[in-house]
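Q: Below is one structure. I have some questions about it.
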Amino acid sequence: MQEVKNYGSFLQAFSLKSNIEALGHQCKFVNIIPGEQLGDYKISKLHKVYLLLERLCGWDFIKRLKYIYLFQSRFVKEFLPELGVGNGTTTEHFDTVVIGSDEVFNCAQKTWFGFSRQLFGEGLNANKVITYAASFGATTVSKLQELGIKNVVSRLLNNLNMISVRDANSKDVVETLTGKVPDKHVDPVLIYDYTRLMPNSVDLKNYMIVYTYPGRITDKDEINAIRSYAKDKGLQLVSIGHYFSWCDKTIVPHPFDVLAYFKYATCIVTDTFHGSVFSIKFNKQFCTIVRGMNSNKLTHLLEQFGLSGRIANDVRDLPVIMETPIDYVPVNRKIAEERQRSINYLKGNL
């Protein structure tokens, strides 16, 4: 998912590429070829315009526009080229193509690439095609059936040489459609050491990170609970990547700097998968609000590391969750084990 403009996508793509290269291989990104727009998940040609207008709507539209432009332009001009993502497609032949990581199989959602069969291995010019920590996201077997692509997806999955997923739902879908039990691995961000690439400090102190996407944290009770906790603790509310009027500060840093901001934060509140991953990686106090669109992989992530208690089912639970310390000894032990399993999987299948 290297073409998606968000920090999690960049960092997981960078990790997977770097780990493959560390095993002695040359690595190149293959850009996504868009597929069919299916059912209720079709997007119009003006979809991006509607999204932009929706995000600009408000008394502070000038600030909103400023940060949207800054975020988009930095990804297009700086971050994606640095990652090695080019323009157009490639007809180059590869020994092995690795599909992943993240929601490459999630075709029951509104995306510009729709149901891209390429993301299921079709049309790739390679001797072997495998996946790493792939996810169906909110897509289930029943949704595939409703979209009329269950048999197609089953055939494509069966043609893959090896399948690795990242969550229980994805494992169940693969097992149902292929009769095979896939491997399960953690997000690439958890298996790479970014230390040498990160700054040793940040220009903020006593701050609480808000890590979310536009249109997600909009409920007044959620916003008031977050602001109230930050005020009680004397913390500055800092949003990374996206502007929200209820936060004290918005920053659009380099992806490696994002990790540093997480590392030195007092605490984090998020409703995203990678916001939780970054928090776990740096052993931070954090609270996660689980949404319907990411509940499968996010709930599994927290359960996997024994951190289900970080889920705020009610915003009134936020202070209690934040004040409950996390024993990161078993969590870090689990991360180390999963890191070795992941490297062994890549080593054995490339």
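Q: Find the Cα radius of gyration of the chain, compare it with 2.2 N^0.38 Å by division, and give the number to two decimals.
A: Ratio of Cα Rg to 2.2 N^0.38 Å: 0.98.
Q: Sorted from largest down, give the three principal axis spans of the alpha carbons of segment 1-105, whole angstrom values.
A: For segment 1-105, the Cα extents along the three principal axes come out at 53, 33, 22 Å.
Q: About the Cα centre of segment 257-350, what is the dipole size in debye to 20, counting +1 per Lys and Arg Cβ and -1 per Asp and Glu Cβ, all else neutral?
A: The calculated dipole for segment 257-350 is roughly 360 debye.
Q: Could you state the orientation-averaged shadow area of the convex hull built on the Cα atoms of segment 76-215, in nm² to one decimal?
A: Approximately 11.6 nm², given one-decimal rounding.
Q: Among Ala13, Ala126, Ala312, which one shows the highest mean-square fluctuation when the chain is modelled as a Gaussian network with alpha-carbon springs under 10 Å?
A: Ala126
Q: Under a 1.4 Å probe, what is the accessible area of segment 51-151 per residue, stated in Å²?
A: Each residue of segment 51-151 exposes 51 Å² on average to a 1.4 Å probe.
Q: Could the peptides 257-265, 334-342, 210-218 be put in order, highest first, of the mean number of other beta-carbon atoms found within 10 Å of their residues?
A: 257-265, 210-218, 334-342
Q: For segment 1-41, what is the accessible area per residue in Å² when the probe is 1.4 Å?
A: Here the per-residue accessible area is 44 Å².
Q: Another question, if that's okay. For the peptides 268-280, 294-306, 29-41, 320-332, what is the packing order when you average, over each peptide's residues, the other Cβ atoms within 10 Å and list the highest mean first?
A: Per-residue Cβ counts within 10 Å, averaged per peptide and sorted highest first, yield 268-280, 294-306, 29-41, 320-332.
Q: What does the convex hull of the alpha-carbon atoms of segment 77-133 project to on average, in nm²?
A: 4.8 nm²
Q: Can you show me the helix-derived [θ] at 222 nm for the chain, built from DSSP H runs with n ≥ 4 at -39,500 (n - 2.57) apiece and divided by the number of residues, rounded to the nearest 500.
A: After summing the helix terms and dividing by the residues of the chain, the value is -12000 deg cm²/dmol.
Q: Same structure, new question: How do 150-162, 106-118 rank on mean C-beta neighbours within 10 Å, highest first?
A: Packing order, densest peptide first, comes out as 106-118, 150-162.
Q: Of the accessible area of segment 1-157, with the probe set at 1.4 angstrom, what percent is carbon plus sulfur?
A: 54 percent
Q: Please work out the average accessible area per residue across segment 238-350, using the 1.4 Å probe convention, and give it in Å².
A: Accessible area per residue: 38 Å².
Q: Say the dipole of the chain comes from +1 at the beta carbon of Lys and Arg and -1 at that of Asp and Glu; which of Leu65, His274, Ala134 then lies farthest toward its positive end?
A: Leu65
Q: Pull up all non-local amide H partners of Asp271: gap of 5 or more, or a different chain, and H-to-H distance under 5 Å with H placed in the peptide plane.
A: Tyr211, Ile289
Q: Within the accessible area of segment 292-350, what % is carbon and sulfur when the probe is 1.4 Å and the other protein chains stay in place?
A: 51 percent
Q: Test of understanding: in a Gaussian network model of the chain with alpha carbons linked when under 10 Å, which of Ser15, Ser245, Ser170 would top the mean-square fluctuation ranking?
A: So, out of Ser15, Ser245, Ser170, the one fluctuating most is Ser245.
Q: I need the per residue convex hull volume for segment 153-193, using only the alpha carbons, in cubic angstrom as a whole number.
A: Expressed per residue, the convex hull around the Cα atoms of segment 153-193 is 70 Å³.
Q: In addition: So what's the projected area for segment 5-52, the Cα convex hull averaged over all directions, in nm²?
A: One quarter of the hull surface, i.e. the mean projection, equals 5.1 nm².
The values are calculated or read from the model by the stated rules, or taken from the named source; none is laboratory data. This one's a predicted model, so the numbers in the text were calculated from it and none came from an experiment. Don't worry about glycine lacking a Cβ; one is built from the backbone with ideal geometry, like all the others, and counts go over all protein chains shown. Note: accessible area is taken over every heavy atom of the protein model, side chains too, but ligands, DNA and RNA are not part of it. Shrake-Rupley method; radii C 1.70, N 1.55, O 1.52, S 1.80 Å.
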